[in-house]
């Protein structure tokens, strides 16, 4: 059966002499895998539309074996991301996060639209707002998957407090002052960390990138969110994050 599918290329594997095996995050079917025969040849009509950081419309044959892309056209390209190493590394991280957290073959149109919007903003965001954008994506993405961390009340007992100062990834979110004394493994955070996480979760990207957030607060948010994501994915690191750390450790001009 052949279907018209809108999707974003989030992973490419070179196959044989000229083929590509793609992971697409699609509007209609969520994450799928499809082959693109001959797509690595420069003259192939599939060459440009099967590159990472491309959103396209594809005619895909869904068969019993691997799905096969028959044709496609570019709807949007986010090639500008590759011109900035930090943006490129974060873009690859977003793709790896989506690949590891989304179920295969299940549509999630809100999450698909979120990724498309994030890529559009990513290629034009300033370096100062880059981490804010990425952490906002992480939180919104988790929420759309039904994995939203608890940021409104204690994740253990449900108690409401004026201010929360501890995050417990294993318990799934913030914990109150009473539960902190009864549990191990919580992370103490600064006064503004939890309110800022709520802001990133609930606010539009345009407002987020316009509001400066201190590097110290972003670092604490990164620690909390990554610990939560690692528990959800049963991992201790992502390849893309290792690449990002390598870039950030390199001397800058």
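The values are calculated or read from the model by the stated rules, or taken from the named source; none is laboratory data. Quick caveat, the model's predicted, so the values are computed rather than measured. All Cβ positions, even for glycine, are placed from backbone atoms using ideal geometry, and neighbour counts span all protein chains on display.
Below is a table of values for the structure above.
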| quantity | calculated |
| --- | --- |
| Filtered residue count, the range 200-223, keeping only those that are in a helix (DSSP H, G or I), under 18 Å from the mean Cα position of the chain (by Cα) and either surrounded by fewer than 16 Cβ atoms within 10 Å (Cβ to Cβ) or without any contact (Cβ under 8 Å) to a residue 60 or more places away in the chain (or both) | 5 |
| Some residue of the range 147-155 being over 23 Å from residue 89 (Cβ atoms), in the same structural domain as residue 93 (by TED's automatic domain parsing), touching a helix residue (DSSP H, G or I) at 6+ places or on another chain (Cβ under 7 Å) and in contact (Cβ under 8 Å) with a residue 60 or more places away in the chain | yes |
| Residue identified as in contact (Cβ under 8 Å) with a residue 60 or more places away in the chain, buried (at least 19 other Cβ atoms within 10 Å of the Cβ), out of contact with any helix residue (DSSP H, G or I) (no Cβ under 6 Å at 6 or more places or on another chain) and assigned to a helix (DSSP H, G or I) among 119, 139 | 119 |
| Residues that are touching a strand residue (DSSP E or B) at 6+ places or on another chain (Cβ under 6 Å) and closer than 19 Å to residue 54 by Cβ, drawn from the range 100-111 | 102 |
| Where residue 136 falls short, out of the listed (1) in contact with a strand residue (DSSP E or B) (Cβ under 8 Å, 6 or more places away or on another chain); (2) under 27 Å from residue 239 (Cα atoms) | (1) |
| Number of positions in the range 4-39 that are in contact (Cβ under 8 Å) with a residue 24 or more places away in the chain, surrounded by fewer than 19 Cβ atoms within 10 Å (Cβ to Cβ) and more than 19 Å from residue 104 (Cα to Cα) | 3 |
| The listed residue being touching a residue at least 12 places away in the same chain (Cβ under 8 Å) and assigned to a helix (DSSP H, G or I), out of 190, 240 | 240 |
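Condition check ((1) within 18 Å of residue 164 (Cβ to Cβ); (2) modelled with pLDDT under 95; (3) outside the structural domain of residue 130 (by TED's automatic domain parsing)) across all residues:
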site: 182; (1), (2), (3): yes, yes, no
site: 207; (1), (2), (3): no, no, no
site: 227; (1), (2), (3): yes, no, no
site: 232; (1), (2), (3): no, yes, no
